Each structure stands twice: as structure tokens, then as C-alpha cells.
Amino acid sequence: MKANGTVFKYGDNVDTDVIIPARYLNSSDPKELASHCMEDIDKDFVNRVKTGDLIVADKNFGCGSSREHAPIAIKAAGVSCVIAETFARIFYRNAINIGLPIIECPEAAEGIEDGDEVEVDFDSGIITNKTKGTTFQGQAFPEFMQKIIKAEGLINYINQKDSADN
Amino acid sequence: MGMTMTQKILAAAAGLPEVKAGQLIEAELDLVLGNDITAPVAIHEMDKFAVDGVFHKDKIALVMDHFVPNKDIKSAQHCKCVREFACKHEISNYFDVGEMGIEHALLPEKGLTVAGDVIIGADSHTCTYGALGAFSTGVGSTDMAAGMATGKAWFKVPSAIKFNLIGKLPKWVSGKDIILHIIGMIGVDGALYKSMEFTGEGISSLSMDDRFTIANMAIEAGGKNGIFPVDEKAINYMKEHSSREFKVYEADEDAQYDAEYTIDLSTLKPTIAFPHLPENTKTIDQVEEIFIDQVVIGSCTNGRLDDLRTAAEVLKGKKIAKGIRCIVIPATQKIYLEAMEEGLLKIFIQAGAIVSTPTCGPCLGGYMGILAEGERCVSTTNRNFVGRMGHVESEIYLASPAVAAASAVTGKISAPEQEENRS
């Protein structure tokens, strides 16, 4: 599995309130949430983002609220992978559980800029900045995690596993 | 090697003699919590699940607290979805308008959280119950769904930071000031993935309400949980509120900590977190003249009876400054009633504040006190992120109930002494 696209770059402590403001949490529809994704930090994000694009950020991405609506909004906006120096722990868990690929890689967070073209190979964990011609070694996705991503979330993955076991 | 208090609780819940930091375990859950924002997503996930029913109808709590009484049609639809789910599965701890309160004030009050418990909640402030010596942590809706279906959750065993509290707090300084001081010191990711274990002789003088406030904001330092030793005060609280058996765990003497801090409570001052991060703290003497538009006293952080008593002590016989909106929100129906019986509500209303039914409303910019462009609010809530309470150009200053009340009287960020000197 690979992700490939243009990078939207953000700084430290991107919180779940700016990823998806609570004023839109009266909906749980992924498309509607995606239409307001990153609105309070980057008004143009939803207009510019294309399917496959990546978000790269510095430390503590996704801090704050436990709202799963945050990774849901990012995924439904078309983002194929989020790379950060570090992630807040609830966001980390939520992203995996809904099947949004995320990678902690401080070197990549530092060496990638807004607008760079980046490719991520989930099998090897290699992150390639095609614009700058540099590569970074992130953590490879174990097989079960790739299956969760392919199944579009933990619940589907468990269901598929259960039916395969039976 | 010794275990921390958190590690001991997790080992017991996983049925293991010992666990180590970094170990992945599967633990039995004593309670799974959700609210009107996160539960609908979890219920939707449950529907996909090839499992029939919930693991235990008494070990799930569903609290309608964020957007109730419903602010619009969409939030009403969400509550309806949860109501129907609770009815279908005969969830005994379903709390709707009339019975509800802000979840993290409500559950301990209802006796649903006790020492030794392992609790997950689809709300980041689930860490509040650490005040009672429970392991409790926030998760997302998918984890909540899996927890409701199976009664289990997987965890990575956290390492810990130890906070040794000594001395006694001065007048007008509270649990809120302690936790803001700590977040200012270690930063919003200072305890990322870790437990924050509070210890020391200074704890005995802290009220349970102060401890709830401190544990509540562990997440604001990135913590997985915040936890207090179980002393006589905690035991009395649990005996008063719960018929459930509790189990007391203590950290081993040779437990390993990533870092240790000693905080002399007698040296702390009223502390305010400036926009737009809880780590941007200043003590009151470092604050220049900052005029404000609104004050909110309430939330899962500071909407308990002690908080309202402190605010009323400051506001008694005073008037809210002209042009300032002061919104007081008792966190539960019980607190509301007690505040009424003690005469606190009368003090608030006579001062020119409004008193609302329990709701998370303004804390997360839902309703009941949204800020316009350029407005400033002193709030006893827990987050001051960009746009959290309204317009992206508005500002939130996090503070204690004492500072919030004093600021409402002066119209600018003030501590009670400053406000008294002026009048």
C-alpha cells in the first residue's frame, strides 16, 4: 500500500477543535464533517485538498477532545496519510480505528514543507519527499494495521476476521 | 521492579501478576461512557458489529450533556438515536434532561466510579475519575463501541510522572491553579502517553472537588490519566455516594517514574492560561490590564459545589460590571439544587449573573455563550484553543472560579484581593 500526494503542512499542537470545530458536531456524516475540515486553521484547505494528499505537522497533532469526528473529517476530505513529529494519544488510537494511516516521524516532519510532493510506502515505512529528493524511515505498518486500513476501520476488520474464522 | 498505581490497577484488570511500561494488555472494563456527541458515532459502529447486544447493561453510562436541552434539530436527532439505543438495550445508566448533569461531575456523584475501576469514556475528560483512585481514560467512539460490545479494551501500559504536592494552598488559590501551574511547567504534551500520579502530604488538604479538577485536566498535559492516592477523604466520598465495593491500590515504593516534581502549594498564586493553549500560563501578578466581555463559571472542570461556593463568596453583595455577561452553570441537578438551598443561586442572580441548567454548552462553543469576533472570555473551563468558544478571533482565558468571579465584577482579569482593594 502507498500514499501519494501534495502536502499541507502545519505546526505544533494542531487541536481537534481546529480540525473539526464543535459547532459542526451536531452532524456525524463524514462528508458534511469533511466540508469543514481544518476550517479554523486553514480556510482554503477544503477547497484545495485533492484525494490522496497528505497532512504533515510538528508535535502533538490532534490534541484536545476525543472526538472521532476529527480523523473521520480528515479521511473523508481525501487525505491519504498524516505524518507528524508526535500525535496526541486519543487521536492516534482513533485514526487507526477508523482506518486513517498515520506515522510518527520527527525527521520527516522537519524535512517536508507545504506543497511538497510526498510518497509513503506503508510496507517499508519509507517516506519519500519527491520535490526535494530526500527520504525518511518511518515505522512500517504491521500487516494487521494495513488490514484495518483496507477494511476502512477496526469494526469492519473484526467482522471480516470473525467471518473468516467461522 | 515496582509498579506505579496505574500499572497495578491495569495488571489486576488484565489478570496479570505484573505489567511493565510499554506492554500491550487487554483489560476488563468496569464502565464504558459516552455522550450525545460521541455515542451516536459509536452506536453507528455497533450497528456494523456482528455482535448482538451490549456486554452489561449496568456498566454502560450514556449522558446527554453537550447540546441539551437540544440546541437544534440535528442535535435532537443525535439524542433521539442514543435514547432509542438506551431503551432497546435497557441501559440502566442513561441520563437525559431532568436527570443529566455534566458527565464527569455526574458519574462520581451517582456512585458509578470508584477506586480500582478501569473506565473508558468517549470524552477526553474521562480522566477525571482518577481523583477517586480509578484508572480512567478518554477514547474515541470506535473504542467505545468495542467496549460496549465486549466489555474489554486494549491498552499500552503507560509510564508515569510523579507530582509530589507539599504544603497548603493560600486563600483564593485552588485545584485549578495547581493544574494550570503544572501544565504551564511541563507543557501541553509534557505528559504525552503517560500517567500523572499525584502524591504527597499536600493532598490531604485538597477537597475532592479540587482533586476532580486536577485529574480532569491531565489530558491538557497530554496525559493518559491522572490519579490520586485513596485517602480518608476519598473513602468517605465513595461511601457517601456509592454502594459499590472499591479497591485501593498504592504505588510500590520502588516504582519507576520518568520524572518527579515537587510542588509547594503554599507558593502558588492564582494562575491564568492565556490564548490559545493551556500551557500559556501567567500568575495574576504578571497579568496586565485585560478587559473582558464574558465570564463562564461551570463545566466538568469547575462546575461543582465548592466552585460555586467560591464564586458566590466573591460575588456576594457585588454587581457584575456593566457590559459583562456572567454565565454560571451548575454541573448537575444535585449541585443545582444544593446551590439553590444554600442561597448561592440568589447571590448569582442578584449580582447580575445568569444561571443555566447543566450543560457543556459554551465550553466547546456549542451554545449558551458563544463569543463574537474580538471578544474575550474568562472561563473556568479547560481549553482555550483557537475558536473553541466561538469566533476564531475570540480569546479564552482559563482561570479558577475565584478569578472568574472577581473578573466579572471588575470587567478585567482580576483576583479576589484586587477586586476587594478596589471596592
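Some observations on this one:
- Scanning the range B:364-409 for residues that are more than 11 Å from B:V295 (Cα to Cα) and outside any loop (DSSP other than H, G, I, E, B) yields a count of 4.
- A count restricted to the range B:325-373 and to residues that are among the basic types (K, R) and closer than 19 Å to B:M64 by Cβ stands at 1.
- B:Q286 being surrounded by fewer than 20 Cβ atoms within 10 Å (Cβ to Cβ), without any contact (Cβ under 8 Å) to a residue 60 or more places away in the chain and out of contact with any Leu (no Cβ under 8 Å at 6 or more places or on another chain): yes
- Residues (within 14 Å of another protein chain (Cβ to nearest Cβ) and either in contact with a Gly (Cβ under 6 Å, 6 or more places away or on another chain) or closer than 16 Å to B:D293 by Cβ (or both)) located in the range B:319-363: B:P362
- Among the numbered conditions (1) within 14 Å of chain A (Cβ to nearest Cβ); (2) within 28 Å of B:K171 (Cβ to Cβ); (3) touching a strand residue (DSSP E or B) at 6+ places or on another chain (Cβ under 9 Å), the only one that B:C300 does not meet is (3).
- From A:G133, A:G111, residue being small (G, A, S), surrounded by 16 or more Cβ atoms within 10 Å (Cβ to Cβ) and either more than 25 Å from B:P158 (Cα to Cα) or away from chain B (no Cβ under 14 Å) (or both): A:G111
- If you go through the range B:108-131 and pick out every residue that is out of contact with any Gly (no Cβ under 9 Å at 6 or more places or on another chain) and away from every other protein chain (no Cβ under 14 Å), you end up with 5.
- Scanning the range A:61-79 for residues that are touching a strand residue (DSSP E or B) at 6+ places or on another chain (Cβ under 9 Å) and surrounded by fewer than 24 Cβ atoms within 10 Å (Cβ to Cβ) gives a single hit, A:G78.
- Scanning the range B:1-48 for residues that are more than 26 Å from the chain's Cα centre (by Cα), over 15 Å from B:N225 (Cβ atoms), of a type in the set (A, V, I, L, M, F, W, C) and buried (at least 18 other Cβ atoms within 10 Å of the Cβ) turns up B:A14, B:M46.
- Against the numbered list (1) part of a helix (DSSP H, G or I); (2) away from chain A (no Cβ under 14 Å); (3) out of contact with any helix residue (DSSP H, G or I) (no Cβ under 8 Å at 6 or more places or on another chain), B:D209 comes up short only at (3).
- Answer residue from the range B:212-234, given it is assigned to a helix (DSSP H, G or I) and either at positive phi or free of Cβ contacts under 8 Å to residues at least 60 places away in the same chain (or both) and is farthest from the other protein chains (Cβ to nearest Cβ) among those: B:E232
- Subset of the range B:154-174 (residues that are within 28 Å of A:R93 (Cβ to Cβ) and either under 22 Å from the mean Cα position of the chain (by Cα) or small (G, A, S) (or both)): B:F155, B:P158, B:S159, B:A160, B:I161, B:K162, B:F163
- The residues on offer are A:I98, A:I74, A:I90, and the sole one that is away from every other protein chain (no Cβ under 11 Å), closer than 24 Å to B:N35 by Cα and in contact with a helix residue (DSSP H, G or I) (Cβ under 7 Å, 6 or more places away or on another chain) is A:I74.
- Complete set of residues in the range B:66-105 that are part of a loop (DSSP other than H, G, I, E, B), within 14 Å of chain A (Cβ to nearest Cβ) and within 24 Å of the chain's Cα centre (by Cα): B:H66, B:F67, B:V68, B:P69, B:N70, B:K71
- Scanning the range B:10-43 for residues that are at pLDDT 95 or above and touching a Lys or Arg at 6+ places or on another chain (Cβ under 8 Å) turns up B:A12, B:A27, B:E28, B:L29, B:D30, B:L31, B:V32, B:I37, B:T38.
- Matching helices (runs of 4 or more DSSP H) fully within the range A:6-56 where at least 1 residues are more than 8 Å from every other protein chain (Cβ to nearest Cβ), of a type in the set (G, A, S) and in contact (Cβ under 8 Å) with a residue 40 or more places away in the chain: A:30-34
- Hits in the range B:243-253 (condition: surrounded by fewer than 10 Cβ atoms within 10 Å (Cβ to Cβ), farther than 13 Å from B:K162 by Cβ and not hydroxyl-bearing (S, T, Y)): B:E245
- Count of residues meeting criterion [within 14 Å of chain B (Cβ to nearest Cβ) and surrounded by fewer than 16 Cβ atoms within 10 Å (Cβ to Cβ)] in the range A:140-166: 10
- Counted residues, the range B:134-180 - those being part of a helix (DSSP H, G or I), more than 22 Å from B:L24 (Cα to Cα) and either within 14 Å of another protein chain (Cβ to nearest Cβ) or of a type outside the set (V, I, T) (or both): 4
- The set of residues in the range B:45-65 that are farther than 13 Å from B:G34 by Cβ and either part of a strand (DSSP E or B) or at the interface with chain A (Cβ under 10 Å from one of its Cβ atoms) (or both) comprises B:D47, B:K48, B:F49, B:A50, B:V51.
- Condition met for B:R304 (under 17 Å from B:S414 (Cα atoms) and not acidic (D, E)): no
- Strands (runs of 3 or more DSSP E) fully within the range B:248-336 that include at least 3 residues being farther than 23 Å from B:H66 by Cα: B:259-264, B:271-273, B:281-283.
- Residue check for B:T332: in contact (Cβ under 8 Å) with a residue 40 or more places away in the chain, crowded, with 17+ Cβ neighbours inside 10 Å and in contact with a Ser or Thr (Cβ under 8 Å, 6 or more places away or on another chain): no
The values are calculated or read from the model by the stated rules, or taken from the named source; none is laboratory data. Just so we're clear, the structure is a prediction, and the values are computed from it rather than from any experiment. Positions of Cβ are backbone-derived with ideal geometry, glycine not excepted, and every protein chain shown enters the neighbour counts.
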